[in-house]
Number of protein chains: 2
Amino acid sequence: MAIENTSRERLLASAKILIHSRGYADVGVQELCSHAGIKKGSFYHFFPSKQALTLAALDEMMGEIKQRVFVPAFSKEVPPLERIRRFFRLSHVMQCDGKLETGCVLGCSFGNLALELGTREEEIRTVIEGLFAMVIANFRDTLEEAIATGDLPPGIDTDATAQALLAFLEGILMIAKNRNDPDVLLGQEEMALRLCRV
Amino acid sequence: MAIENTSRERLLASAKILIHSRGYADVGVQELCSHAGIKKGSFYHFFPSKQALTLAALDEMMGEIKQRVFVPAFSKEVPPLERIRRFFRLSHVMQCDGKLETGCVLGCSFGNLALELGTREEEIRTVIEGLFAMVIANFRDTLEEAIATGDLPPGIDTDATAQALLAFLEGILMIAKNRNDPDVLLGQEEMALRLCRV
DNA sequence: AAGTTACTTGACCGGTCGGTAAAATGTCAA
DNA sequence: TTGACATTTTACCGACCGGTCAAGTAACTT
């Protein structure tokens, strides 16, 4: 672990990688601390609970994904439908990076936690619901712009279609994680575009 | 718990409902036994481990889903594309039933466990990979029949499209579970059919 | 130098985890 | 009636869980 960072930063980094790859329940506070190079007693100086650390980690991960995927994919300089293609291609790149770093396909941290904690950690569930809504909103805006530019015919339900795009992404990530093969995402951008045509 | 059944059957029934709704790690052997109305010591007379019970439960659940969804949906007496519609409508019915019974949308037991245990229970991971492959095969056969009957134009990649259908289903189930709203599945059969058109 | 604060440490808490062992009880056939 | 076998019960195991606490140390202000 990079020791030049503060303990708090190292804890967050450890939570991001460990919980993303192995899930919430399987990673204990002790292991998070060992990985971050601190003693367990220090943990609660920075975070009041394991849940709080997870929420903070989710927030940081969303920030990173915005930076690495959303910003380059949903650039206004790119034609709308090409943005969706880019989004899926960048998701592929991210899964490849994750596998190179950890040896296993990580999938979507939000999707992973949504299913693992959906019926038992209400606060985390709510946060993920919000994150999903934000992704859907991005897709929806892109679809509406595609209609405005004539790239898509009017009359499609942009909200429902945007939700379907997120669903398809999450499902593909699930299959990729299950097979431990990031290349399941290869070429899925064209499959995603099928969802946009009536 | 219905006491007329054998202890083993009650254990299996408890595992199906508890693990499906709350996940693998959150349901302990003690709770499984209490729910089944037996003492913990008896557990290991019927199953060598919690993992073994889970595998047996997965097997039974697949059997039930075949009976309640696959058989009626993929009936040879129904036009191919209508089978896919039926499949998604029946999935909606099942999620509604699950919510009525437990108070929360259960989602897909295979998808749930695939994400929770994907990187830590290799045997369960493998079983789920096989189940996914079987679902995809059903979709693929249906798509090929749709091409044969002229309901779909030739030239689409039936394997990739079948995989996309499974991905879309799993993603929609994830969103429904996250929002605890089974009606997220309402009307998704038409969205699924978009994936089948080139 | 003194005081204040941020951080770190190790020892400890009750509770639960999956799993084991042995004795007690029920069941059925010879 | 006896013996064999399946089932159930109770008590127990070491390990780990998330979390607490009080004391110690480093760092920064004044």
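The values are calculated or read from the model by the stated rules, or taken from the named source; none is laboratory data. Just so it is clear, the structure is predicted and the values come from calculations on it, not from any experiment. In this analysis, Cβ positions are derived from the backbone assuming ideal geometry, glycine residues included, and neighbour counts consider all displayed protein chains.
Has region B:93-104 got any residue that is surrounded by 15 or more Cβ atoms within 10 Å (Cβ to Cβ), at the interface with another protein chain (Cβ under 10 Å from one of its Cβ atoms), closer than 21 Å to B:Ala15 by Cα and touching a residue at least 24 places away in the same chain (Cβ under 8 Å)? Scanning region B:93-104, I find at least one residue that is surrounded by 15 or more Cβ atoms within 10 Å (Cβ to Cβ), at the interface with another protein chain (Cβ under 10 Å from one of its Cβ atoms), closer than 21 Å to B:Ala15 by Cα and touching a residue at least 24 places away in the same chain (Cβ under 8 Å), so the answer is yes. Enumerate the pairs (first residue in region B:53-80 and under 24 Å from B:Val29 (Cβ atoms); second residue anywhere and not in a helix (DSSP H, G or I)) with beta-carbon separation below 6 Å, excluding pairs fewer than 6 apart on the same chain, so at least 6 apart or on different chains. Every condition considered, the pairs that remain are B:Leu53/B:Phe47.
Filtered by the rule that a residue be at the interface with chain A (Cβ under 7 Å from one of its Cβ atoms), part of a helix (DSSP H, G or I) and either of a type in the set (Val, Ile, Thr) or touching a residue at least 12 places away in the same chain (Cβ under 8 Å) (or both), region B:180-195 gives a lone residue, B:Met191. Restricted to helices (runs of 4 or more DSSP H) entirely inside region A:13-87, those with at least 1 residues that are aromatic (Phe, Trp, Tyr) and crowded, with 19+ Cβ neighbours inside 10 Å are A:40-46.
Taken as a whole, the structure places B:Leu53 among residues that are at pLDDT 95 or above and within 16 Å of DNA strand C (Cβ to nearest atom). Return yes or no: is B:Gly107 within 16 Å of DNA strand D (Cβ to nearest atom) and at pLDDT 95 or above? Against the criterion (within 16 Å of DNA strand D (Cβ to nearest atom) and at pLDDT 95 or above), B:Gly107 does not qualify. Among the conditions (1) surrounded by 24 or more Cβ atoms within 10 Å (Cβ to Cβ); (2) within 9 Å of another protein chain (Cβ to nearest Cβ); (3) in a helix (DSSP H, G or I), the only one that A:Phe139 does not satisfy is (2). All told, A:Thr126 falls short of being in contact with a helix residue (DSSP H, G or I) (Cβ under 9 Å, 6 or more places away or on another chain) and hydroxyl-bearing (Ser, Thr, Tyr). Could you go through region B:56-79 and let me know if any residue there is more than 14 Å from every other protein chain (Cβ to nearest Cβ) and within 16 Å of DNA strand C (Cβ to nearest atom). Yes, the conditions are met somewhere in region B:56-79. The residues of region A:20-55 that are more than 10 Å from DNA strand D (Cβ to nearest atom) and within 14 Å of chain B (Cβ to nearest Cβ), listed by number, are A:His20, A:Ser21, A:Arg22, A:Gly23. Inside region B:147-177, residues that are over 17 Å from A:Ile172 (Cβ atoms) and either surrounded by fewer than 20 Cβ atoms within 10 Å (Cβ to Cβ) or facing chain A (nearest Cβ under 7 Å) (or both) make up a count of 10.
On the stretch given as region A:105-119, residues that are over 15 Å from the mean Cα position of the chain (by Cα), crowded, with 23+ Cβ neighbours inside 10 Å and outside any helix (DSSP H, G or I) total 1. Residues in region B:2-50 that are on the phi > 0 side of the Ramachandran plot and away from DNA strand C (no atom under 13 Å from the Cβ): B:Gly37 only.
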